[in-house]
Amino acid sequence: MVSPTGTDATAPSTTFKRRGLKARHIHFIALGSAIGTGLFYGSAGAIQAAGPSVLLVYLLGGAVVYFMLRALGEMSVHHPVRGSFAVYTRAHLGGWSGYITGWMFAFEMLIVCLADLTAIAIYMKFWFPDTAQWIWVAATLLIVGGANLASVRWFGELEFVFTIIKVTAVVAMIVGGAAILAFGLGTSDVAGVSNLWEHGGFFPNGAEGMIAAFILVLFAFGGTEIIGVAGSEAEDPDKAVPKSVNTVPVRILLFYVLAILVILALNPWPSITGEESPFVQIFDTLGVNWAAALLNVVVITAALSAINADLFGAGRVLTGLAKENLAPKAMGRISKSGVPVMTTAILLVVLIVGVILNAVLPEQVFTIVASLATFATVYVWLMILLAQVASRRHMDPAEVKSLKFPVPFWPYGQYFAIAFILFTFGIMLWYSEYHLALAVGVGFLVLMTVLYYATGRPKAVKPLNYEELDPLKD
């Protein structure tokens, strides 16, 4: 049977060697993508909305992320290509779908980068209140931009270090919180597991409170799909991608559910106001007076890590689009070391412009960042899931059996994740505070669709061929 890509569908997938990232890099990119400012600060808003029942929201959101990543993992192992999910959606859902998915992912990454880049400049004022903000912005762009432009290996090493710092901070918080609960350490007299059902019960704000927390929780999980992009740069994607994806449930349980559980047990949920990070409250309870400075180091590292990974992911996807005439040809230029130089440079310029806007309109920008990023995130997830479902329909039974990393619970897990994402769009439509973000997201879709047809992209696109798109041959 011949697949829609023009290749022999029954042929086994090829095991590729040589890309710049080792297995440990893929593991830590996957780990780092799940730990960011959404956890360190965004968790406070989610707790305020849902109370202790936010734990269920994290579990539901984590399940959606897992099924989405398994869908991406199945396709990535079967056909590892530069451009990742933008290529898969184009192959199985059509040219427009691949085009819009790639650009929506780049849009998502830039939104998160703008927030994190500006946040770093603000965080640095903690130590250097009189230093101009643009200096820290420029320094951050030089460090992260230089790492992304140097080589794939440099990117992996930088992300490796950043993630170790973040993971260490979260583990220290969990261990410290557990010590308070088990041995009565610290100065708190309100710590206890009973905080999970006291103060209004486990569902203090009812089902509506849980639903209201969905947007913030999904925002925290945004960017996890970068595993598929990084996997195409792995030395052995057949092994690296499955191992990274399969650790997702453990990472979600440890770094989100367990961390939030400790926070809720140590402090009554109404006291988590968001005026300071829940992590700061834990260290304060331990009597660590330098908690604010410690957290400042961690959140700066988290923001650097996010910008580093997001530039990497957006650059690779846009390069894949350019190779297929779905983006300007200049974006498809690759250096000898495999770095999409033009794409990364263009993204850095866009970030500089965005920082200026952020400085001029700081309050207006930050109020919609989380919800706008969530819209872009779940849209990309939806397209990944739909592409994987469509890919199965293009396979015969023999090819399905030959899959090295098939999705579990097929097809019910995929349908659950798709339904959950559609429900999320419904939430944004129902709650007025998300209407602006929804309008901007839909507006971006309309704008890019108009450009797709106005620039004659449908006629310019060549028939998709996975062999031509393999990173080893471009």
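The values are calculated or read from the model by the stated rules, or taken from the named source; none is laboratory data. Since the model is a prediction, treat every value here as computed from it, not as a measurement. Please note: Cβ atoms are built from the backbone with ideal geometry, for glycine as well, and neighbour counts cover all protein chains shown.
Say whether the condition of being of a type in the set (S, T, Y), touching a residue at least 60 places away in the same chain (Cβ under 8 Å), under 24 Å from W96 (Cα atoms) and in a helix (DSSP H, G or I) is met by at least one residue in segment 304-318. So far as segment 304-318 goes, no, none of its residues is of a type in the set (S, T, Y), touching a residue at least 60 places away in the same chain (Cβ under 8 Å), under 24 Å from W96 (Cα atoms) and in a helix (DSSP H, G or I). Is it the case that segment 265-288 has a residue that's under 30 Å from I174 (Cβ atoms), at pLDDT 75 or above, surrounded by fewer than 19 Cβ atoms within 10 Å (Cβ to Cβ) and of a type in the set (S, T, Y)? Looking for residues that are under 30 Å from I174 (Cβ atoms), at pLDDT 75 or above, surrounded by fewer than 19 Cβ atoms within 10 Å (Cβ to Cβ) and of a type in the set (S, T, Y), one finds at least one in segment 265-288, hence yes. F202 fulfils the conditions (1) within 21 Å of the chain's Cα centre (by Cα); (2) at pLDDT 80 or above; (3) aromatic (F, W, Y); (4) surrounded by fewer than 19 Cβ atoms within 10 Å (Cβ to Cβ) except for a single criterion, (1). Within segment 390-434, the only residue that satisfies the criterion of being closer than 30 Å to S371 by Cβ and of a type in the set (D, E) is E433. Restricting to segment 205-231, name every residue that is part of a loop (DSSP other than H, G, I, E, B), modelled with pLDDT of 80 or more and not polar (S, T, N, Q). The answer is none; no residue qualifies. Of the residues making up segment 424-452, those that are part of a helix (DSSP H, G or I), closer than 18 Å to V217 by Cα and touching a residue at least 12 places away in the same chain (Cβ under 8 Å) are T424, F425, I427, M428, E433, Y434, A437, L438.
Residues that are at pLDDT below 80 and either small (G, A, S) or in contact with a strand residue (DSSP E or B) (Cβ under 7 Å, 6 or more places away or on another chain) (or both) within segment 70-119 comprise G83, S84, A86, A115, A119, listed in sequence order. Would you tally the residues in segment 421-438 being under 23 Å from the mean Cα position of the chain (by Cα) and more than 11 Å from I211 (Cα to Cα)? Residues in segment 421-438 being under 23 Å from the mean Cα position of the chain (by Cα) and more than 11 Å from I211 (Cα to Cα): 10 in total. Residues of segment 385-393 include none that is among the β-branched types (V, I, T), surrounded by 14 or more Cβ atoms within 10 Å (Cβ to Cβ) and at pLDDT below 70.
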